[in-house]
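Down below is the structure, laid out as structure tokens.
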Amino acid sequence: MNLQLKKCDLDSLKDLVGISLATFAAAFEKDNNPLDFKTYVDFSFAPAQLRSELLNSDTDFYFVYRDATLVGYFKLNRNSAQTDIKLPEAIELERIYVLAEYIGKGIGQWMLDRIKIIASDYKKEFIWLGVWEKNAKAITFYKKNRFTKFGMHPYFIGSDKQMDWLMRFDLTTFNA
């Protein structure tokens, strides 16, 4: 498996919108009210919204390619771009998604390993994320990678209030 990482820029916007919609819909559409889901994706993955996020100097999007095929992406936030914690020693993993047909092929693990390296390069002390409390598969994946739960916060899909676990990985344990 030949995987490559590419940092996104404004020229990546069309592909970012496409993969964001495809991966989020595959992961969560079936579990949400159709109107709430449409409201959420129409805002969160609109070209104008993603363009604004790409222009934020404290936000980075990365594409993952398997050979020449775009198979996944992730989004990292630092400093004030973080959605909750906003500590200078932290980095938020806000999104990490793999296209449905590539799930189970080790790509998510490869991505998370790269995220740990990027966070270390930024001299961060920990990575944190929010994961839907009903997403048992993702929670198991993060626990396997030594993320620990430290809290909860509400997350809205349209008007539907859901709860996310807040989980963190201490970079001091990286390579330990």
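The values are calculated or read from the model by the stated rules, or taken from the named source; none is laboratory data. Small disclaimer: the values here were computed from a predicted structure and weren't measured. Cβ: placed from backbone, ideal geometry, glycine included. Neighbour counts: every protein chain shown.
For Ala119, which of the numbered conditions (1) farther than 21 Å from Phe24 by Cβ; (2) surrounded by fewer than 18 Cβ atoms within 10 Å (Cβ to Cβ); (3) of a type in the set (A, V, I, L, M); (4) touching a residue at least 40 places away in the same chain (Cβ under 8 Å) fails to hold?
All conditions pass for Ala119, except number (2).
Could you check how many residues of the stretch 40-69 are crowded, with 18+ Cβ neighbours inside 10 Å and not in a helix (DSSP H, G or I)?
8
Can you name the residue in the stretch 128-158 that is among the aliphatic types (A, V, I, L, M) and over 16 Å from Tyr97 (Cβ atoms) and, of all such residues, is surrounded by the fewest Cβ atoms within 10 Å (Cβ to Cβ)? Can you show your working first?
The initial filter retains those residues of the stretch 128-158 that are among the aliphatic types (A, V, I, L, M), namely 129, 131, 136, 138-139, 152, 157.
Imposing the further condition that a residue be over 16 Å from Tyr97 (Cβ atoms) reduces the set to 136, 152.
Working: Ala136: 10, Met152: 12.
Once the filter is applied, the top-ranked residue is Ala136.
Could you say whether any residue in the stretch 88-111 is among the hydroxyl-bearing types (Ser, Thr, Tyr), closer than 21 Å to Asn32 by Cβ and touching a helix residue (DSSP H, G or I) at 6+ places or on another chain (Cβ under 7 Å)?
We begin by selecting, within the stretch 88-111, every residue among the hydroxyl-bearing types (Ser, Thr, Tyr); these are 97, 102.
So of that shortlist, the ones also closer than 21 Å to Asn32 by Cβ come out as 97.
Still in the list and also touching a helix residue (DSSP H, G or I) at 6+ places or on another chain (Cβ under 7 Å): 97.
Yes - at least one qualifying residue is present in the stretch 88-111.
Please determine, by comparing only the residues of the stretch 70-89 that are not in a strand (DSSP E or B) and not hydrophobic (A, V, I, L, M, F, W, C), which one is surrounded by the most Cβ atoms within 10 Å (Cβ to Cβ).
Start the filter on the stretch 70-89 by keeping residues that are not in a strand (DSSP E or B), which leaves 79-89.
Next cut, not hydrophobic (A, V, I, L, M, F, W, C) only: 79-80, 82-84, 86, 88-89.
On the way: Asn79: 15, Ser80: 9, Gln82: 19, Thr83: 14, Asp84: 14, Lys86: 13, Pro88: 12, Glu89: 11.
The extreme case among them is Gln82.
Which of (1) closer than 17 Å to Ser20 by Cβ; (2) assigned to a helix (DSSP H, G or I) does Glu94 not meet, given it meets every other one?
(2)
From the set of residues in the stretch 1-21 that are assigned to a strand (DSSP E or B) and among the hydrophobic types (A, V, I, L, M, F, W, C), which is nearest to the chain's Cα centre (by Cα)?
The first filter runs over the stretch 1-21 and keeps only residues assigned to a strand (DSSP E or B), leaving 3-7.
Narrowing the set further to residues that are among the hydrophobic types (A, V, I, L, M, F, W, C) leaves 3, 5.
Numbers: Leu3: 18, Leu5: 15 Å.
Only one residue tops the list, namely Leu5.
Name the pairs whose Cβ atoms lie under 8 Å apart, with the first residue in the stretch 46-72 and among the basic types (Lys, Arg), the second modelled with pLDDT under 95, and 6 or more positions between them or separate chains?
Arg66/Met1; Arg66/Asn2
Look through the stretch 159-176, keep the residues that are at pLDDT 95 or above and acidic (Asp, Glu), and return whichever of them is surrounded by the most Cβ atoms within 10 Å (Cβ to Cβ).
Filtering the stretch 159-176 down to residues at pLDDT 95 or above leaves 161-171.
Subset that is acidic (Asp, Glu): 164, 170.
Details: Asp164: 19, Asp170: 14.
By that ranking, first place goes to Asp164.
I'd like the full set of residues that are within 28 Å of Arg114 (Cβ to Cβ) and in contact with a strand residue (DSSP E or B) (Cβ under 7 Å, 6 or more places away or on another chain), limited to the stretch 163-176. Break it down into steps so the answer makes sense when it comes.
Going through the stretch 163-176, the residues within 28 Å of Arg114 (Cβ to Cβ) turn out to be 164-176.
Once the filter is applied, which keeps residues that are within 28 Å of Arg114 (Cβ to Cβ) and in contact with a strand residue (DSSP E or B) (Cβ under 7 Å, 6 or more places away or on another chain), the stretch 163-176 yields Asp164, Trp165, Leu166, Met167, Arg168, Phe169, Asp170, Leu171.
So, in the stretch 113-165, how many residues would count as being assigned to a strand (DSSP E or B), more than 15 Å from the chain's Cα centre (by Cα) and closer than 22 Å to Pro34 by Cα?
Going through the stretch 113-165 one residue at a time, the tally reaches 7.
Being among the aromatic types (Phe, Trp, Tyr), more than 14 Å from the chain's Cα centre (by Cα) and part of a helix (DSSP H, G or I) narrows it down to one residue among Phe37, Phe24; which is it? Spell out how you get there, then give the answer.
Numbers: Phe24 fails: more than 14 Å from the chain's Cα centre (by Cα).
Step by step, each of Phe37, Phe24 is checked, and only Phe37 is among the aromatic types (Phe, Trp, Tyr), more than 14 Å from the chain's Cα centre (by Cα) and part of a helix (DSSP H, G or I).
Kindly provide the set of residues from the stretch 96-105 that are surrounded by fewer than 17 Cβ atoms within 10 Å (Cβ to Cβ) and in contact (Cβ under 8 Å) with a residue 60 or more places away in the chain, ordered by number.
Ala100, Lys105
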